[in-house]
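Working notes for the structure below.
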Amino acid sequence: GRIVVLISGSGSNLQALLDAQHTDEGLEGEIVAVMSNRAQAYGLERARQAGVATQILDHTQYASREAFDQALIHAIDTYQADLVVLAGFMRILTPQFVLHYYGRLLNIHPSLLPKYQGLHTHQRALDAGDSEHGASVHFVTEELDGGPVILQARVAIEAQDDAHTLAQRVLEQEHVIYPIAVRWFMQGRLQLLAQVPCLDGQAL
Ligand code: GRF
């Protein structure tokens, strides 16, 4: 299967996926393109070094969020992606984008969802006095960081941790679980069932 990865920054999760392609198990799919909304994203260099096509779509060059997302859809579909992987992609996607890739759009979020949707998850876990934290791979739906969780990694919070040390340990686990979840998708073992709103078990 053909995988397109969207990034905005360092691309360490992208690197984990690129590296996973060359393990015995592989990804059972090929990363055919890496796209970034930021020209300075180091992840673009990681893609170039891996010989993977790159594309920059600078969101500041588009009149609206919808216009940017439509351009992104066109770019991704040019590569005929079977799976779109958000890896440190720091953009909120429109419902149109989410629906276009519904069931074949994954994200990784640095928390034990459904806890700590949104930003600054590590500091929030520390402030709450949690004993553990972690990362979640999930299907992307219209609810920000709200889609069904596929795989999680748990990390113990240590007494001496600050947001930086905790984020580092969580990131290491992200690099473990993302390739596993992507491989499961490529093996046809994951399916996002339509989320039909229902009341007392009756579909509305
Ligand atoms: C990290 O905070 C990670 O938890 C989240 O996106 C950020 C950057 O990741 N998924 P990456 O190094 O660009 O993959």
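Every number here is computed from the coordinates shown, using simple stated rules; none is lab data. Worth saying up front: this structure is predicted, and the values here are computed from it rather than measured. Cβ: placed from backbone, ideal geometry, glycine included. Neighbour counts: every protein chain shown.
Structure notes:
- Dividing the summed helix terms, -39500 (n - 2.57) for each DSSP H run of n ≥ 4, by the number of residues in the chain produces a 222 nm estimate of -10000 deg cm²/dmol to the nearest 500.
- Within the shell of other residues whose beta carbon sits under 14 angstrom from the beta carbon of residue 73, the net charge comes to 0, with Lys and Arg scored +1 and Asp and Glu -1.
- FRET efficiency estimate (nearest 0.05) - Cβ-Cβ, residue 168 to residue 2, R0 30 angstrom: 0.40
- Debye log10 I(q)/I(0) for the chain, one point scatterer per Cα, at q = 0.09, 0.15 Å⁻¹: -0.35, -0.96
- Cβ-Cβ FRET estimate between residue 92 and residue 160, R0 fixed at 45 Å, reported to 0.05: 0.85
- Electrostatic dipole magnitude of segment 93-189 [Cβ: Lys, Arg +1; Asp, Glu -1; Cα centre; debye, to 20]: 480 debye
- Summed side-chain charge close to residue 82 - residues other than residue 82 whose Cβ falls under 12 Å, Lys, Arg +1, Asp, Glu -1: -1
- Structural descriptor for segment 61-149: relative contact order 27 percent, calculated from alpha carbon pairs under 8 angstrom and at least 6 residues apart.
- Segment 21-110: GluC sites (Glu not before Pro) in DSSP loop, at most 11 other beta carbons within 10 Å: 25
- Gain on full stretching of the segment that runs from residue 30 to residue 117 - 0.36 nm per residue minus C-alpha separation: 28.4 nm
- Net charge of Cβ neighbours under 13 Å - reference residue 158; Lys, Arg +1; Asp, Glu -1: -3
- Sorted fewest first by neighbouring Cβ atoms within 10 angstrom, 120, 59 come out as 120, 59.
- Label-point separation in nm, residue 149 to residue 187, each point 7 Å along Cα→Cβ: 2.1 nm
- Efficiency of FRET from Cβ geometry, residue 40 and residue 67, R₀ 22 Å, rounded to 0.05: 0.50
- For the chain, the membrane-span-like helices by this rule, meaning whole DSSP H stretches whose C-alpha atoms cover at least 18 Å of axis and whose Kyte-Doolittle mean is -0.5 or above, are 65-78, 163-186; this says nothing about an actual membrane.
- Antiparallel content of DSSP bridges confined to the chain, in %, to 5: 45 percent
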